[in-house]
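Working notes, structure below.
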Amino acid sequence: MAPHDLRRPFKRPLISDQERRRQHSLLRQAQNRLDAQRHARFLASTTFSLSSSQNLEPQPEPEHEQEEPHQKEELDVLEASNLKGDEARKWFAKQLMHPEWMIDIPENLTNDWFVFARPSGKRCFVVSSNGTTISRLRNGSILHRFPSKLPNGARTKEVSSSSSHSYSILDCIFHEDQTYYVIDMVCWRGYSLYDCTSEFRFFWVNSKLAETGACDPPSYYHKYTFSLVPVYSCDQSGLCSAYSAPVSYVKDGLLFYNKHAHYQAGITPLALVWKDENCSQYVMDTDNKGQVPNQQQVVLELQEDGKLATCDDPPMAFGCLDGSFIQQSDLHSGYLLRFAIGEGGLVLADGKLEKADLKYLGKANRARASADSFSKVMFQYNVRHSPLRIDDLLGSVSSPVDQESETCDIEMDG
């Protein structure tokens with residue numbers, strides 16, 4: 001798809017308050033700078049201190065139904081180390097930065113955003129420390145424990161004499177080709193990157209990871225390899241490359257990162273995911289048989305007052321169950337419940353949900369850690385009724401020659 005062959009369609013109107021929340025996130029990020037170094041050390045130590053015997057054996061994660069993190073108050077290391085089962089899954093899900101689904105096209109997409117093709121696979125943290133490397137899925141279970149060429153990631157003479165405080169944390173997607181595709185860097189050699197912009201984090205991971213040899217092909221001692229993904233500035237050329245250019249992995253949609261965004265644990269509108277049938281095998285959620293249901297299904301959490309809420313912070317209510325129905329169905333606060341969206345659909349006013357036609361289907365799978373997010377529900381709804389298309393995205397960005405100064409793409413070649 002050549003940029004010069006494109007005609008810009010009419011600009012798609014906003015249908016939600018996603019842009020307002022995005023601006024609020026940037027403002028809150030500047031006002032509330034957390035103790036990033038402490039948080040990074042906390043995560044690294046907890047990854048190793050949580051024993052694999054704590055009912056956290058690897059569990060199959062739904063490949064085609066994206067779960068969202070559940071917000072819960074912060075724990076200290078001792079408390080987190082004692083978590084088991086559902087609580088451990090919720091805690092580790094909270095540590096990753098989860099993108100919202102793109103409902104509306106962000107303002108100034110060309111100058112303020114990066115874009116890259118998201119690899120298909122299992123999202124995980126990879127932590128190297130004390131001469132070993134551990135990867136943990138978002139449900140808290142250990143995926144692999146292995147030696148790597150990451151700093152302090154294998155037992156060598158250099159590691160034995162180095163500081164035990166030297167640890168690194170990568171945000172990765174693991175694919176069955178035995179490759180960890182690195183999509184972000186949280187910490188490097190004990191230096192926290194939580195409060196660094198994504199522009200700096202992408203530069204840092206691109207310049208530092210290759211120096212370690214971690215991207216070398218697998219060997220007898222190093223079964224798994226790491227690979228960088230190509231990241232582009234979101235002009236027409238970059239967007240076309242992310243969408244159409246061949247890559248060494250299976251694509252699962254596009255990821256958009258705001259250049260000024262810090263690494264925020266939980267759901268953030270400063271990172272967005274978008275899909276269509278040309279860049280993802282699974283655009284619409286499937287049921288447990290791998291089939292797309294006739295009606296869109298959503299998972300919501302039952303609140304103490306009977307409201308049905310998303311996993312957002314703050315949660316958004318989609319409706320309310322009658323007290324007698326709750327009692328008759330033996331439902332309790334905190335249960336995750338599955339609903340179908342009926343013919344009445346979703347009604348929004350000024351970007352806010354005003355009404356939802358929900359049909360109760362039953363309790364959600366016990367492996368679920370949390371309810372759906374509002375942006376996921378809306379993206380899936382729009383896919384069925386008025387999808388956000390690649391032409392809409394291309395129509396909102398400029399070509400390099402349209403810009404006053406051409407911005408160089410950050411190439412992260414594996």
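Modelled spin-label separation between ARG20 and GLU354, with each label point placed 7 Å from Cα along the Cα-to-Cβ direction: 1.4 nm. For GLY319, the residues whose amide H sits under 5 Å from its own are LEU308, ignoring neighbours fewer than 5 places away on the same chain, with H placed 1.01 Å from N. A simple spin-label model places pseudo-atoms 7 Å from Cα toward Cβ; at ASN108 and ASP216 they are separated by 4.4 nm.
Converting phi to 3J(HN,Hα) with the Karplus coefficients 6.51, -1.76 and 1.60 and the offset θ = phi - 60°, the range 333-341 yields 4, x, 5, 9, 10, 9, 10, 9, 8 Hz in sequence order, with x at every glycine or proline. Rg/Rh for the range 175-228 stands at 1.01; both radii use Cα atoms, and Rh follows the Kirkwood definition. Using θ = phi - 60° in the Karplus curve 6.51 cos²θ - 1.76 cosθ + 1.60, the 3J(HN,Hα) couplings for the range 107-124 round to 5, 6, 4, 5, 8, 9, 9, 9, 9, 8, 6, 6, x, 7, x, 9, 6, 7 Hz; x is entered for Gly and Pro.
Stretching the chain fully between ALA367 and PHE200 yields a gain of 56.5 nm (0.36 nm per residue, less the alpha carbon separation).
Taking one quarter of the surface of the convex hull spanned by the alpha-carbon atoms of the range 235-375 gives a direction-averaged projected area of 11.5 nm². Taking amide H as placed 1.01 Å from N in the peptide plane, the amide H of ASP252 sits under 5 Å from that of ARG118, SER120, each at least 5 places away or on another chain.
Which loop GluC sites (Glu not before Pro) in the range 135-231, with loop taken from DSSP, have no more than 10 other Cβ atoms within 10 angstrom of their Cβ? Can you show the working numbers first?
Numbers: sites: GLU158, GLU176, GLU199, GLU211; in loops: GLU176.
Answer by residue number: GLU176.
Computed from backbone phi with θ = phi - 60° and the Karplus coefficients 6.51, -1.76 and 1.60, the 3J(HN,Hα) list for the range 357-371 is 8, 9, 10, 5, 10, x, 6, 6, 4, 5, 6, 5, 8, 7, 6 Hz; x is used for glycine and proline.
Each reported figure results from applying straightforward, stated rules to the coordinates on display, with no laboratory input. These figures come from a predicted structure and were not determined experimentally. Cβ sites come from the backbone with ideal geometry, for glycine too, and all protein chains shown count toward neighbours.
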